[in-house]
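Colleague: Quick one: the structure is below, and I'll ask about it shortly.
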Amino acid sequence: MAAARALRILPDALLATTAPRARPVHLHLEHTTLCDHVCSTCIRADRIDGEVHMPLAEAIAHIDAIGPQFLSLNGIGEPLLHPQWDDIVKHAVGRGARVSFATTGTHFRAQADRICRSGLGLLKVSFHGAEPRTFSRLAGGRSLDVVLDGIAAVQEAKARLGRGPELRINYVVSDQSLSEVPEAIRVARAAGVGAVYFKGALVPKGRRAGLCASHDIDQLRAVVREAKALAASGGVDSNLDQWQREIDRVGDTAPDERPPPPGRCLVPWLSVFVRVDGSLLPCCNCTFRPDEGKLGTVGVDGTFAELWRGPGFAALRGEVKGGEYSLPICQHCPDPVTATQAAGAVLHSVWPGFLNG
Ligand SMILES: C[S@@+](CC[C@H](N)C(=O)[O-])C[C@H]1O[C@@H](n2cnc3c(N)ncnc32)[C@H](O)[C@@H]1O
Ligand code: SF4
Ligand code: SF4
């Protein structure tokens, strides 16, 4: 049943139909824009467009209209600050969705039992560095000690209640956190977290070929090699193989001359991002360019189904099919989800940010 639902969009995605019959299998729902931090890598460091919670009834209406197989309860905000976040999760799980979100980890101790009882499938703990000082400096003053204590609280609640989410570290690789990639594996191992997903930082100047253009490729090679060895010996799962493949693929080519990853991005067929005000974006990367990529607002410009099959999405899919992107975020995309990447994710337990739960 689950597999059949997940596969429902494949024919449209593979044929690049501009107005697909099937709805997306993945929903990214921004249920809150409240946050108690301002991380240096986040768009909130540049601007904060208001802080609101999506009412529970609206969140439920979006979930019911889309019927996702995977739900990421995330946007530019801290998911655990929404007073009814677990009611949203329970509703989605009741409809057969697998739910995940990325979170700071600051509120784990206070909400550990709630997290484990909610039905959440995957809890992604965001790291912007792995040494206490870097962690705090880049992540809006967060304390690594508080987050590690929170992880222990969730693990304890999970053992006591006999249920709870898988835990994963989501590590944002920026110029300032690159050297601590191996340390992230050590921290995960010491905290009993079985997996680390390394995500290249979205930066305003854009990236080329999946690797931040300003990363020193030799340094990147060295840290990935060291971290891979640590992960293998420590039994920590990661997506470092994928980083290694990208490094091998681009070799020593200068950033501006690197070819884009081969293949067409499938995201405009598989996934949709619903902002807190009901506006639709093709993908979560667009939240880092707040004035670009909006494809209409549910309830204002039409129903979800009308917009999903309407001219805005159709034009974007046509561009993706033709290999020409008008959106700068797509032109400089760090992680287009191509068929090769999606297939790799299916075969691998550490899936990319958007397909998990
Ligand atoms: C915008 S946050 C929202 C969830 C929550 N507030 C948090 O920080 O975990 C979603 C994810 O984006 C990551 N992130 C922050 N800045 C980023 C950047 N420049 N590039 C890529 N991901 C980034 C965060 O670490 C987090 O894992
Ligand atoms: S990355 Fe998350 S915690 Fe940091 S400012 Fe952005 S929304 Fe808040
Ligand atoms: S190309 Fe990148 S930014 Fe554009 S839709 Fe695909 S994943 Fe998102």
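Colleague: Ignoring everything except DSSP H segments at least 4 long, calculate the 222 nm mean residue ellipticity for the chain; use -39,500 (n - 2.57) per segment, divide by total residues, nearest 500.
Modeller: After summing the helix terms and dividing by the residues of the chain, the value is -11500 deg cm²/dmol.
Colleague: Under 4 °C and 1.567 mPa s, how fast does the chain diffuse according to Stokes-Einstein, given a Kirkwood radius computed over C-alpha pairs? Answer in µm²/s, whole number.
Modeller: Details: Rh = 20.6 Å.
Diffusion coefficient, whole number: 63 µm²/s.
Colleague: Which ³J(HN,Hα) values in Hz, rounded to whole numbers, follow from the phi angles of region 297-305 under the Karplus curve 6.51 cos²θ - 1.76 cosθ + 1.60, where θ = phi - 60° and Gly and Pro get x?
Modeller: 10, 5, x, 10, 9, x, 7, 4, 4
Colleague: Under a no-solvent Debye model with one identical scatterer per Cα of region 1-100, what's log10 I(q)/I(0) at q = 0.12, 0.13, 0.17, 0.18 Å⁻¹?
Modeller: The Cα Debye sum returns log10 ratios of -0.47, -0.55, -0.81, -0.87.
Colleague: Distance cut-off 27 Å, Cα to Cα: go down the list Lys90/Lys124; Lys199/Lys294; Lys228/Lys294; Lys124/Lys321; Lys90/Lys321 and report the pairs above it. Write down the numbers at each step before the final one.
Modeller: Values: Lys90/Lys124 18 Å; Lys199/Lys294 24 Å; Lys228/Lys294 38 Å; Lys124/Lys321 32 Å; Lys90/Lys321 36 Å.
Long pairs (Cα-Cα over 27 Å): Lys228/Lys294; Lys124/Lys321; Lys90/Lys321.
Colleague: Counting only residues 5 or more places away or on other chains, whose amide H sits under 5 Å from the amide H of Asp237 once H atoms are built in the peptide plane?
Modeller: Those qualifying (amide H under 5 Å, at least 5 residues apart or on another chain) are Ala195, Val196.
Colleague: Pull out the extension gain between Ala339 and Arg95, defined as 0.36 nm times the separation in residues minus the alpha carbon to alpha carbon distance; nm, one decimal. Don't skip to the answer; put the middle values down first.
Modeller: On the way: separation 244, 0.36 × 244 = 87.84 nm, distance 2.70 nm.
The Ala339-Arg95 span can extend by a further 85.1 nm.
Colleague: Taking GluC sites (Glu not before Pro) as exposed when DSSP calls them loop (any state but H, G, I, E, B) and at most 16 other Cβ atoms lie within 10 Å, what is the longest stretch of the chain free of them, the sites themselves excluded? If you can, show how the numbers build up before the last one.
Modeller: Details: sites that count: Glu51, Glu292, Glu324.
Formally, the longest exposed-site-free interval is 52-291.
Colleague: Now a separate question. Among Pro290, Pro20, Pro182, which one shows the highest mean-square fluctuation when the chain is modelled as a Gaussian network with alpha-carbon springs under 10 Å?
Modeller: Top of the fluctuation ranking is Pro290.
Colleague: Now, a different point. Rg/Rh for region 17-59 to two decimals, with Rh computed the Kirkwood way over all alpha-carbon pairs.
Modeller: Values: Rg = 15.2 Å, Rh = 13.3 Å.
That ratio equals 1.14.
Colleague: Hey, another quick one. Determine, from the Cβ-Cβ distance of Leu14 and His37 and an R0 of 51 Å, the FRET efficiency 1/(1 + (r/R0)^6), rounded to the nearest 0.05. Present the calculation step by step, with values, prior to reporting the outcome.
Modeller: On the way: r = 40 Å, r/R0 = 0.79.
Computed FRET efficiency for Leu14 and His37: 0.80.
Colleague: Distance in nm between label sites at Asp87 and Ile217, each 7 Å beyond Cα in the beta-carbon direction?
Modeller: Here the answer is 5.3 nm between the modelled labels.
Colleague: Near the amide H of Asn170, under 5 Å away, which other amide H atoms are found, from residues 5 or more places off or on another chain, if H is placed in the peptide plane?
Modeller: Amide H neighbours of Asn170: Val125, Ser126, Phe127, Tyr197.
Colleague: Now, a different point. Please report the base-10 log of the normalised intensity I(q)/I(0) for region 47-118, using a Debye sum with one equal scatterer per alpha carbon and no solvent, at each q in 0.22 (1/Å).
Modeller: -1.05
Colleague: Can I ask one more? Long-range amide H contacts for Ser279: which residues qualify at under 5 Å (H placed 1.01 Å from N, peptide plane, sequence gap of 5 or more or a different chain)?
Modeller: Val298
Colleague: Computed FRET efficiency, Cβ-Cβ of Asp149 and Arg289, R0 56 Å: what is it to the nearest 0.05? Don't skip to the answer; put the middle values down first.
Modeller: Values: r = 35 Å, r/R0 = 0.63.
Efficiency for this residue pair is about 0.95.
Colleague: Could you grab the relative contact order for region 1-151? Cα pairs under 8 Å, six or more apart, rounded to a whole percent. Don't skip to the end; give the middle numbers.
Modeller: Values: 239 pairs, mean separation 34.4, N = 151.
Once normalised by length, the contact order is 23 percent.
Readers should treat all values here as calculations from the given coordinates under stated rules, not as data from a laboratory. The structure displayed is predicted, hence computed values, not measured ones. Cβ atoms come from the backbone with ideal geometry, glycine included; neighbour counts cover every protein chain shown.
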